[in-house]
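Report on the following structure.
The values are calculated or read from the model by the stated rules, or taken from the named source; none is laboratory data. On a predicted model such as this, the values are computed, not experimentally measured, just so you know. Here Cβ is always computed from backbone atoms with ideal geometry, including for glycine, and neighbour counts include all displayed protein chains.
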Amino acid sequence: MNRPKVQRRVGKYEVGKTIGQGTFAKVRYAKNAETGESVALKILDKQKLLKNNKMSVQIKREISTMKLINHPNVVRLYEVLASKTKIYIVLEFAMGGELVDKIRHDGRLKEDGARRYFQQLINAVDYCHSRGVYHRDLKPENLLLDGQGNLKISDFGLSALSRQAGGDGLLHTTCGTPNYAAPEVLGDQGYDGATADLWSCGVILFELLSGHLPFEDSNLLTLYNKITAAEYNCPYWLSPGAKNLIVRILDPNPTTRIKVPEILEDAWFKKDYKPAVFEEREEAKLDDVEDVFKDSEVSHIYLI
Ligand code: 3AM
């Protein structure tokens, strides 16, 4: 006898297949039953989070961070739901998958294509920085695509609000993937989140244009040394304009490294640049995130 398929539901969301699994979070496809809209549900185990206080702080930070962000090139956080055991972060569904799969499948991009992604990346990163939000783990795996092939930055799990930065205004936690990390991040001397993010954008631009990483080595110490010395070779086919911009971003000295206003004035960057047009959202309160972590049966925080 055919038994009816049990459809799991969380609030107004019909939960579908698992998209991915991280250390602390499982990501599942879901559908808003009222609107038919697709979403990505990031599911976190409350128990595990509360056992690990550091992680709990990090997740609260992620939620708070994303609530401040409303940009067409950043994965949107719609709302946060909680049951007794789980926390559900409802995210915009990026149906185009990861940019990294595109590079792995199609190889390096033509300069116009790479420039378009890079312009969207810089526009979104600049928006986040102006709100005191630093990603700190920018890499192609965190760059998703929507149905129109637009970039969507995801995973703010490692970002920090500038108000949480140390007394000297610098961030002190070393994190992120070494290949994309700035020299000063690896040096763990305390660093400025904005300039460190720009370095990662430079590594991403290099990878989009060349199809491989600027800094690679199986030995971690050698890799660190290469990054610290900004020791890399630009492929000969790169245009002088692209090469010049990469050199200005991959400057190991964070104080002389190019900043966003100068990138926006760069001739190679400016070609066909159309900054994103969007409406601002009112700033959300940060303290209501605490409610989701309380031992309540179900709590809802609606952001839309
Ligand atoms: O496991 P893979 O790498 O295939 O791309 C993300 C990753 O896929 C995907 O979930 C997996 C674990 O992070 N993912 C994360 N957020 C997403 C979103 N908002 C997403 N896929 C679509 N939309």
Flag if Asp266 is surrounded by 14 or more Cβ atoms within 10 Å (Cβ to Cβ), charged (D, E, K, R) and under 18 Å from Ala124 (Cβ atoms): yes
So how many residues does region 44-63 have that are modelled with pLDDT of 75 or more, farther than 16 Å from Ser154 by Cβ and of a type outside the set (Asp, Glu)? 2
If you scan region 77-113, which residues turn out to be under 18 Å from the mean Cα position of the chain (by Cα), closer than 13 Å to Asn150 by Cα and not charged (D, E, K, R)? Phe93, Ala94, Met95, Gly96, Gly97, Leu99
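Report the residue count in region 25-43 for those that are modelled with pLDDT of 80 or more and within 12 Å of the ligand (Cβ to nearest atom).
11
Let's see how each residue does on (1) among the charged types (D, E, K, R); (2) in contact with a strand residue (DSSP E or B) (Cβ under 6 Å, 6 or more places away or on another chain); (3) surrounded by fewer than 22 Cβ atoms within 10 Å (Cβ to Cβ):
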site: Ile89; (1), (2), (3): no, yes, no
site: Lys102; (1), (2), (3): yes, no, yes
site: His105; (1), (2), (3): no, no, yes
site: Leu109; (1), (2), (3): no, no, yes
site: Ala114; (1), (2), (3): no, no, yes
site: Tyr117; (1), (2), (3): no, yes, no
site: Pro140; (1), (2), (3): no, no, yes
Test Val80 against the criterion of being within 16 Å of the ligand (Cβ to nearest atom), under 17 Å from Lys26 (Cβ atoms) and at pLDDT 90 or above, and give yes or no. no
Looking only at residues in region 86-139 that are at pLDDT below 95 and of a type in the set (Ser, Thr, Tyr), which one is farthest from Lys274 (Cα to Cα)? Tyr88
Condition first: closer than 25 Å to Leu198 by Cβ, within 13 Å of the ligand (Cβ to nearest atom), among the β-branched types (Val, Ile, Thr) and in contact (Cβ under 8 Å) with a residue 60 or more places away in the chain. Can you find one or more residues in region 102-110 that meet it? no
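Could you check region 190-290 for helices (runs of 4 or more DSSP H) lying wholly inside it with 1 or more residues that are among the small types (Gly, Ala, Ser), touching a Gly at 6+ places or on another chain (Cβ under 7 Å) and modelled with pLDDT under 95? Outline the logic, then answer.
Numbers: elements: 193-210, 220-228, 240-249, 260-265, 267-270.
In region 190-290, no matching helices (runs of 4 or more DSSP H) lie anywhere.
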Would you check if Gly176 is modelled with pLDDT under 85 and in a loop (DSSP other than H, G, I, E, B)? yes
(1) within 16 Å of the ligand (Cβ to nearest atom); (2) crowded, with 18+ Cβ neighbours inside 10 Å; (3) closer than 18 Å to Gly147 by Cα all hold for His135 apart from (3)
